[in-house]
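To keep things clear, I will list the structure first and then write my remarks on it.
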Amino acid sequence: GMLRKALQTRRLTSTLGAHRSHVIKLESTADISLLDTCIAEGVAENDILSQWVYVPMECGGVLSGLKKQGFEYHHAEKSTGVVMRWLGAGASKVPDYATHRVGVAGMVVREDGNVLLVKERKGKYWKLPGGHADLGETIPQTAVREVFEETGIKTEFKSILAFRHSHGLSHGRSDLYFVCLLSPLSTTIVRCPQELSDAAWLPPSTLSENPSELNRALAHAHTFREVDLYEQTHLITGLPSNLYYAKK
């Protein structure tokens, strides 16, 4: 009780988290003189498996001391780094942070069979419009948003056509890239000049000229079985949790 009150007045918070974890968060103006005591009492008073410290850049001087106590970087976002140490038996069971990025492309098929294709500003080949998913965004939402941002075409999600799993990309992370079938709600292209050099409605066979195996395969997307969306709610978080599968 006394330590907790002291921590609050000195801009440190100490809480027990999920999976038997102890979490300490420093504010940018934190008085770090109680940090070591807080770490020690967290271990002594609780049956924990892992201990975490959120360190803003302003408090970066504590990192060398934390390293000596067995803490390692787990991840960082904006101005805060997060260090962790495993206290359980054997090797750490804490998953790596953000092992994958998720990208989504939209295959927009017009009634005449032509497909919405784009060329990047320095790109040589036609490709599908698309980009990375934002945190908390669903695959269909990303597809619809990216197509609209790049081409001005409003669309409606129909199904997933394919996905690609790749490794060793930006910062050594892996990549999941989903291709969605979209139905156009408009047809007049308004190209984004910051991202694209061209955008047009073209025959899907145009994709066969692209050296990417994914794009060449999508030239024959009309032969793919569509994977449908079933919207659900996650049992733990209560947030949307979409399920995708193809019925026979």
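Each Lys and Arg adds +1 at its Cβ and each Asp and Glu adds -1 at its Cβ; summed about the Cα centre, the chain shows a dipole of about 280 debye.
When its C-alpha radius of gyration is set against 2.2 N^0.38 Å (N residues), the stretch 120-173 gives a value of 1.29. The long axis of helix 139-151 is offset from the longest Cα principal axis of the chain by roughly 60 degrees. Normalised per residue, the accessible area of the chain is 61 Å², obtained with a 1.4 Å probe and no contribution from ligands, DNA or RNA. Ligands, DNA and RNA left out, the accessible area of the chain computed with a 1.4 Å probe is 53% carbon and sulfur. Given the DSSP H assignment, sum -39500 (n - 2.57) over each helix run of at least 4 residues in the chain and divide by its residue total; what's the result at 222 nm in deg cm²/dmol, nearest 500? Result for the chain, helices only: -5000 deg cm²/dmol. The relative contact order of the chain, computed from alpha carbon pairs under 8 Å that lie at least 6 residues apart in sequence, is 14 percent. Take 20-27, 120-127, 145-152 and order them by the average number of nearby Cβ atoms within 10 Å per residue, most first; the result is 145-152, 20-27, 120-127. May I ask for the angle, rounded to the nearest 10°, between helix 35-45 and the longest principal axis of the chain, with both axes built from Cα atoms and the value confined to 0 to 90°? It is inclined by approximately 90 degrees.
For the pair TYR244 and ASN46, what calculated FRET efficiency results from E = 1/(1 + (r/R0)^6), where r is the Cβ-Cβ distance and R0 = 41 Å, to the nearest 0.05? It comes out at approximately 0.55.
The values are calculated or read from the model by the stated rules, or taken from the named source; none is laboratory data. Since this is a predicted model, take the numbers as computed values, not measurements. In this analysis, Cβ positions are derived from the backbone assuming ideal geometry, glycine residues included, and neighbour counts consider all displayed protein chains. Calculation scope for accessible area: heavy atoms of the full protein, side chains included, ligands and nucleic acids excluded. Shrake-Rupley method; radii C 1.70, N 1.55, O 1.52, S 1.80 Å.
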